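Input: a single structure, listed below in structure tokens.
The values are calculated or read from the model by the stated rules, or taken from the named source; none is laboratory data. On a predicted model such as this, the values are computed, not experimentally measured, just so you know. All Cβ positions, even for glycine, are placed from backbone atoms using ideal geometry, and neighbour counts span all protein chains on display.
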Amino acid sequence: MNMPEIAVTGLGMLTPAGIGAEATWTGVLDGKSTAATSDRLAGLPVEFCCSLPPFDPADTLGRRTAHRLDRSSQLAVIAAQEALRDAGLDPATWDGARVGVVIGCGVGASHTWETQGRRLQEFGPRRVSPLLLPMIGPSTPAGEVALAYGAQGPSLTTGTACASGATAIVIARDLLTSRQCDVVIAGGTEACNTPLIVTGLAQLGALSGRCDDPASASRPFDAARDGFVLGEAAAVLILERAEDSIARRHRPRALLAGCGSSTDAYHPTTPHPEGRGIETAMRTALTDAGLHASDIGYVNAHGTSTRLNDTVEAHTLHNVLPHGPYVTSTKGVLGHSLGATGAVEAALTVLSIRHALIPPTANLETPDQDIELNLITRTAVKQRVSAALSNSFGFGGHNVVLAFHSP
């Protein structure tokens, strides 16, 4: 039996570039970094990050629901609402048993962990919230999305570090091709711009130390890159079988053509120096999609702005795609949102296909001389893209590559 085509029918995003998919897309096309000094990080080795623009989650969720959710869950539920609206789906009218939820999260409820931990230390156990465990469980974002929209099919959390959001999309595809679900709400969320997480990443040497100029700190593939900038975000994609989307007269934004996953099994935080796992994931995605390397016109790279990761990814891209498709990293604008980033970048790849526009890489002024890529800098490029890849890699050696093509 032929595998059904999988359609992306709706998008929802909250990122440092804007609240909503349209605002995020506009900000990414503008190509200006969102990194800035944060008061809550004052006195730490790194005092800046990429934060969401000010907004009140209670405006969407209601005061009571917003109060009982960690920020990561708040963002997931709000992004899902936008994505469902974009897909033209009304949860009040669907068969909830046929709707699944898969949400990736790399770190989890750090806001709640840190806030409640301080309460315990400073004021004693009576000041710890009775909602602590429901707020911090790794399954909570997926469960809260399911609760909010009556999705009674499988509800899953993926945890593959910085590839978590992309892994969620892979699992969603499997639920649809196996016909366990007719609709899957899939994506990633992360909100860990908190003192403990920032300190841990700084101690690891992963973060840029440009405290005197945060706006220029995230510079993927640039010769002067010195680490990534932590961000927060959520992105949700609505996935359906293309035949079902067509039947309800809703044109897909793009088609999820193929997926490739692998594990380096090399080092807890460092990628394989020859990019073997990355190459396996890329080639698997191409084969799964029935695409040749030369079919790829654009790659939304993982591009973290760290020395080794960018070099390894660039060399692997050059080996697998020697024809030189356009390459960009949107982390120059948005920072690195860990478990959410794979879903954010998948959504942005879909928008590139939909609008025939490739966004620039912020702060890419002098490309590393060891990197041979067709990098987009300064301004967006108008270019019809029939097929594209979105790369996501994470601590633990997790590699996920998603292949999309135009509907």
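Data table
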read-out: Complete set of residues in segment 381-397 that are assigned to a loop (DSSP other than H, G, I, E, B) and under 19 Å from Gly335 (Cβ atoms); value: Phe395
read-out: Segment 140-157: number of residues that are under 12 Å from Val184 (Cβ atoms) and either part of a strand (DSSP E or B) or not assigned by TED's automatic domain parsing to the domain that holds Val102 (or both); value: 2
read-out: Residues that are surrounded by fewer than 22 Cβ atoms within 10 Å (Cβ to Cβ), closer than 17 Å to Val400 by Cβ and in contact (Cβ under 8 Å) with a residue 40 or more places away in the chain, drawn from segment 284-320; value: Thr284, Asp288, Leu291, Val320
read-out: Out of Thr304, Thr280, Thr287, sole residue that is β-branched (Val, Ile, Thr), over 17 Å from the mean Cα position of the chain (by Cα) and closer than 29 Å to Gly227 by Cβ; value: Thr280
read-out: Some residue of segment 355-377 being surrounded by fewer than 22 Cβ atoms within 10 Å (Cβ to Cβ), touching a Pro at 6+ places or on another chain (Cβ under 6 Å) and part of a loop (DSSP other than H, G, I, E, B); value: yes
read-out: Flag if Gly159 is touching a residue at least 24 places away in the same chain (Cβ under 8 Å) and over 13 Å from Ile238 (Cα atoms); value: yes
read-out: Per-region count, segment 158-180, residues buried (at least 24 other Cβ atoms within 10 Å of the Cβ) and either part of a loop (DSSP other than H, G, I, E, B) or modelled with pLDDT under 95 (or both); value: 1
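Residue-by-condition table, conditions (1) more than 30 Å from Ser139 (Cα to Cα); (2) in contact with a strand residue (DSSP E or B) (Cβ under 7 Å, 6 or more places away or on another chain):
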position: Gly275; (1), (2): yes, no
position: Ile278; (1), (2): no, yes
position: Asp295; (1), (2): yes, yes
position: His302; (1), (2): no, yes
position: His315; (1), (2): yes, no
position: His318; (1), (2): yes, no
position: Thr330; (1), (2): no, yes
position: His336; (1), (2): no, yes
position: Ala343; (1), (2): no, yes
